[in-house]
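**Q** Structure incoming, see below.
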Amino acid sequence: MARRRRRTPGSRRRRITLKMKRKLALLFAIIVLILIGIFGWLVYIIRVSGEQYTRKVLAQQDTNSILLPYKRGDIYDRNGTILATSEKVYNVILDPAVLLENQSEQPGKDCVEPTLQALVDYFDQDREELNTIMEEKKTSHYVILARQLTKDEVSDFEEAMKEEGSRIEGVWLEDSYIRRYPYDRLACNVIGYTVSGNVGQYGIEQEYSELLNGENGRSYNYLNEDLEQEKTVRAATDGDSVMSTIDITLQGIVEKAIADFQEKYTDAFREGEGSYTSAAIMMDPNTGEVLAMASNRNYDLNNPYDVVANGLFTEEEAEKLTEEERLNALNELWRNFCISDTYEPGSTAKPITVAAALEAGIVHDGDTYLCDGRQNIAGRDIWCSHKFGHKIITLEGSLMFSCNDAMMQIASKLGEENFTRYQNMFNLGLRTNIDLPGEARTDTLVYYTQENAPNDRLIMRITDLATNSFGQNFNVTMIQMASAFSACINGGYYYQPHVVKKVLDSSGGTIRNIEPVLLRTPISSKTSSLIRKYLYNTMYGPEDANGNAPTGRAARVAGYAMGGKTGTAEMIPRDKTNYLVSYIGFAPADHPEVVLYVVVDRPNAEKQASSSYAMEIWKNIMKEALPYLNIYPTEEVPADMQEEVAAEQKEETETPEEEPEEEPAEEGTLVDPQTGETVQMPDPATIDPNDDSVLGDVPINDNLLDVKPADAISDEEDSNPTE
């Protein structure tokens, strides 16, 4: 019987390994065959349909991803007048790569020549430059030929593109927006402007930039399953708009009054404008809404960087400027004085001192004070504005006659702790947080008591308390003073000032109303009522038994009941040379609807220490603003104003006298328009045209105008010096 071969474990493993190698070899061969097949298929597609797909890809590249810009929101005044808007403009884009695809040797089919000629005809493009672009940028899909063209400038070209049989190819109009300011300079400090990329600079444009901006959209082209080009669009989201509290009519009135003052006093005492700075804020005291805000520092919002067009330098001067000098000058121009500059307020701060003392109960209506012209504080004489003394005056008289001596006595009773506490309650030394960028800090420029002084800032001494009482030796901004004064006369309510009252969507619907924000009530309505009465008499009250006259009389507008306070602050160094003068007031007297604050920094006059310069601007503004605000005269015209009113009425109604008809001149004569003389003209028949002796020099008569500087108007209020 045959013997069976015995299989070992090693031989079994060898057989299994051999089978696996055979399977892997087969799989590899299959993969190779598949790859060869795919490669062959790609070669076939490229040879047979390559040009077709290439064109589709290029067409896709033409407008594969087009930016659809959003429209930045508008800025309106309180009545819906547009102050800033974004106007759609167009960039002309040439696509040389696509255009060359449509080039043909057959004139009837060629698109290059008709397209380039259309660009020359409609957009005044240089044909040689176009030829250079077509030669040097053959593969480019985006060449900007013209920027920011208006609808009128591109409409004819668009019509030509749409005409049947048009052979304009490879050109398209890219939408864009440009910021426009219809009123150029008006309200420039409040509005601000934008730079590239819709970035706001200054004013509302900067403060509300994120809200005004929207989100860009895009248009995408792609190939569908049938390898056909389709488009999908993600629309742009336009920005929201804002309605400001500014009234463009009141703004115009304020700016005109400032400009007239600057012109009137130009070169009056020194070479230059009517003042270094004149500025004004008009507010609704019952809401904190700013109705107008302006200074003589204004610029064209549509051209903010041009130092020549904005009146900073002549062309010759501008050529010599370094870039740093140019930017420094522009920054000063763009700076909003009303919120960014600080100064000593002078006597406009006195109503706050009196209000604090009344509220604290340390003085009462009817209290009297002896003013002998000075107070000796810590061994130093601090003088009153009336150095000879007001004699015996009442608490009301301390404001009516602007008495520093009485203020120092009142502040002494009030004490450092109470004085600084009420300054804080009226927000002096604190930012108002008005919704505008660039508000100055004044917390380092006011005094504190030892207990509440942050970071070892200015500690109030007895002399500081005395001078602070009449508005010297501490700094404020205009918006701080206007807001604090409003709280003094509106019943005692301190509202946060603001310049935007409503947010609108892109279709004009209201998204949000910005309501008045009441921050605190520093005084009672009873105290506020007394302050209104005192300030009314500061303008309309009689002289007292000592011959003291109210200091605000020059600001009165005939027929209106109003109140106000003068201010004259001697600037550092106290050398009786430079002064900042001001006037702040309200109307009507019983129920104030408007507060106006005017500041004049160093008026162009020999005697600067006169608040009459600020009162002049204040009065001219209120004369026009009150009727516009539907605030009408309710009072009889004071006797001392009747001549002024009569003269104004005569000027308004007076019509120019008709000139008598001229008698016909004798033949051969003419009337010299300069001298009015009748001149006999020479007879042409008697003159030999070849005789040079009839020619001669014509004498020139120079008429020189001697302009005299305006005289400074005296005022009861003086410099408030500290000696």
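**Q** How large is the translational diffusion coefficient of segment 509-549 in µm² per second when you combine the Kirkwood radius over alpha carbon pairs with Stokes-Einstein at 20 °C and 1.002 mPa s?
**A** After rounding, the answer is 154 µm²/s.
**Q** Right, next: Assigning unit charges at the beta carbon (Lys, Arg +1; Asp, Glu -1) and nothing else, what dipole magnitude in debye, to the nearest 20, does segment 366-466 show about its Cα centre?
**A** 240
**Q** Continuing with this model, one more query. Kindly state, to the nearest 0.05, the FRET efficiency for Ser65 paired with Ser166, given R0 = 25 Å and r defined as their beta-carbon distance.
**A** Efficiency computed from Cβ-Cβ geometry: 0.45.
**Q** Hey, got a sec? Which trypsin sites (Lys or Arg not before Pro) in segment 70-160 land in a DSSP loop and have at most 11 other Cβ atoms within 10 Å?
**A** Answer in residue order: Lys109, Lys138.
**Q** Tell me the GluC sites (Glu not before Pro) within segment 386-473 that lie in a loop according to DSSP and have at most 11 other beta-carbon atoms within 10 Å.
**A** Within segment 386-473, the qualifying GluC sites (Glu not before Pro) (loop, at most 11 other Cβ atoms within 10 Å) are Glu451.
**Q** Now, a different point. Please report the net charge: other residues with Cβ closer than 12 Å to the Cβ of Val154, K and R +1, D and E -1.
**A** Neighbour charge sum, excluding Val154 itself: -4.
**Q** While we're here: Name the lysines eligible as straight-distance cross-link partners of Lys138: C-alpha to C-alpha under 18 Å, and not fewer than 8 places from it in the same chain.
**A** Those lysines meeting the cut-off are Lys56.
**Q** Here's something else I'd like to know. Could you tell me which of Ser166, Ala118, Gly80 has its Cα farthest along the dipole of segment 78-214 towards the positive end, charges placed at Cβ (Lys, Arg +1; Asp, Glu -1), taken about the Cα centre?
**A** Gly80
**Q** Continuing with this model, one more query. Zone of Arg218 (label point 7 Å along Cα→Cβ, backbone N under 17 Å): which residues in segment 228-256?
**A** Under cut-off, by backbone N: 230-237.
**Q** Treat each spin label as a single point 7 Å out from the Cα along the C-beta direction, and report the Arg431 to Tyr632 distance in nm.
**A** My value for the distance between the label points is 4.5 nm.
**Q** Taking θ = phi - 60°, what integer Hz values does the Karplus form 6.51 cos²θ - 1.76 cosθ + 1.60 yield along segment 390-406, in sequence order, with x for Gly and Pro?
**A** Those phi angles translate into 7, 6, 7, 10, 8, 4, 4, x, 4, 8, 4, 9, 6, 8, 5, 4, 5 Hz.
**Q** Out of Pro351, Gly311, Leu333, whose Cα points farthest toward the positive end of the dipole of segment 296-369 (charges: +1 Lys, Arg; -1 Asp, Glu; placed on Cβ)?
**A** Value: Pro351.
**Q** Which FRET efficiency value, to the nearest 0.05, is calculated for Glu644 and Asn303 with the Förster distance at 60 angstrom and r the Cβ-Cβ distance?
**A** Here the calculated transfer efficiency is 0.90.
**Q** Among Tyr208, Leu149, Tyr183, whose Cα projects farthest towards the positive end of the dipole of segment 66-216, with charges put on the beta-carbon of Lys, Arg (+1) and Asp, Glu (-1)?
**A** Tyr208
**Q** In whole angstrom, note down how far apart the Cα centers of segment 573-619 and segment 344-374 are.
**A** The two parts, judged by their Cα centres, are 20 Å apart.
**Q** Tell me, what is the FRET efficiency for Asn91 and Glu210 to the nearest 0.05, using R0 = 30 angstrom and their Cβ-Cβ distance as r?
**A** In this case the efficiency is close to 0.70.
**Q** In debye, nearest 20: dipole of segment 540-621 around its Cα centre with unit charges on the Cβ of K, R (+) and D, E (-)?
**A** Charge dipole of segment 540-621: 140 debye, to the nearest 20.
**Q** Under a crude label model (7 Å from the Cα following the beta-carbon direction), how far is Glu128 from Ala29 in nanometres?
**A** With each label point 7 Å from Cα toward Cβ, the separation is 7.2 nm.
**Q** How big is the dipole moment of segment 389-543 about its Cα centre under a simple scheme where the beta carbon of each Lys and Arg is +1, that of each Asp and Glu is -1, and everything else is neutral? Debye, nearest 20, please.
**A** Computed about the Cα centre, the dipole is about 340 debye.
**Q** Next question, about the same structure. How far is the Cα center of segment 413-461 from the Cα center of segment 131-158, in Å?
**A** For segment 413-461 versus segment 131-158, the Cα centre distance is 60 Å.
None of the figures in this text is laboratory data; all of them are computed from the coordinates on show. The structure presented is a predicted model; accordingly, all values stated were derived computationally and were not measured. Cβ atoms come from the backbone with ideal geometry, glycine included; neighbour counts cover every protein chain shown.
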